[in-house]
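This report concerns only the one structure given below.
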Amino acid sequence: MPMSYTLQFINLLAALLLLIAFAMLAQRRILSLINLFAWQGALLALSTFVVAWSTAQPHLYYSAGLTLLLKVLLLPWLLHRLIRRLNVKWDVETLINIPTTMLFGIVLVIFAFNLAAPISLMASTIAKSTLGIAMACVLLSFLMMITRSKAVPQVIGFLAMENGLFFAATSATYGMPMVVELGIALDVLVGMVILGIFFFQIRETFDSLDLKHMEKLKEE
């Protein structure tokens, strides 16, 4: 495959990642949110594989495989199992209505592209043009975290933000060292176990996963 077609394919995958980030921002159904997270992981793994193949960076093959295992298979399975146990299917409450949230998202995308422009000029990687999209995905995921009142969507937003950070690392420097990636993967898994226990404790105490109840406890 000629390098120009490879670059176009990477840019297409980056655009799809940004589209999924917006879809996650507008999504109310938790099941669909988990599925979108899995698709985001699949696109991230495919993008990393294409960069590895086109630039002869062997460690990126391991990164793509780790992303596929962790973000597409294991974590979505754990999240589906968790919400089945908690009997949670909908997240209808947001701190800001969806249209306003999407407008904030567009502003963040413009900000991310302007912020990434000088960095992209200094980078020498094949995927440097996607750095703005990577930073936009990080900011959109952070926006999703702070505009949701339930605990589970906030955790998914955190995981999606980590996806964006990994994509940014691949765009700017051909990824992180494997030791760092394995450490992050372990931290994410341990964090998921702890958060699962945390969810059950909230549910048993308040019969709800709305974090507003914890704010009331703090006030008391």
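Remarks
- Along principal axes, Cα extents of region 109-159, largest first, whole Å: 40, 19, 10
- Largest-first ordering by accessible area, 1.4 Å probe, given options 62, 5: 62, 5
- Compared with the direct C-alpha span, the chain from residue 85 to residue 104 gains 3.5 nm at full extension, assuming 0.36 nm per residue.
- For the set 71, 128, 150, solvent exposure ranked by accessible area (probe 1.4 Å, protein chains only) runs largest to smallest as 128, 150, 71.
- Residue 28 contributes about 90 Å² of solvent-accessible surface, heavy atoms of the protein only, 1.4 Å probe.
- Label-to-label distance, nm, for residues given as residue 56 and residue 113 (7 Å Cα→Cβ offset): 3.5
- Global size of region 1-85: 14.5, 49 Å for Rg and Dmax (C-alpha atoms, Rg to one decimal, Dmax whole).
- Extent along the principal axes, Cα only, for region 36-156: 46, 33, 15 Å, with the longest axis given first.
- Here the label points at residue 146 and residue 9, each 7 Å from Cα along the C-beta direction, are separated by 3.8 nm in the simple model.
- Annotation: extensible slack from residue 35 through residue 96 equals 19.7 nm (criterion: 0.36 nm per residue apart, minus Cα-Cα distance).
The values are calculated or read from the model by the stated rules, or taken from the named source; none is laboratory data. The shown structure was predicted, so the numbers you read here are calculated from the model rather than taken from an experiment. Here Cβ is always computed from backbone atoms with ideal geometry, including for glycine, and neighbour counts include all displayed protein chains. Quick note on the areas: whole protein, heavy atoms, side chains included, nothing else; ligands and nucleic acids left out. Shrake-Rupley method; radii C 1.70, N 1.55, O 1.52, S 1.80 Å.
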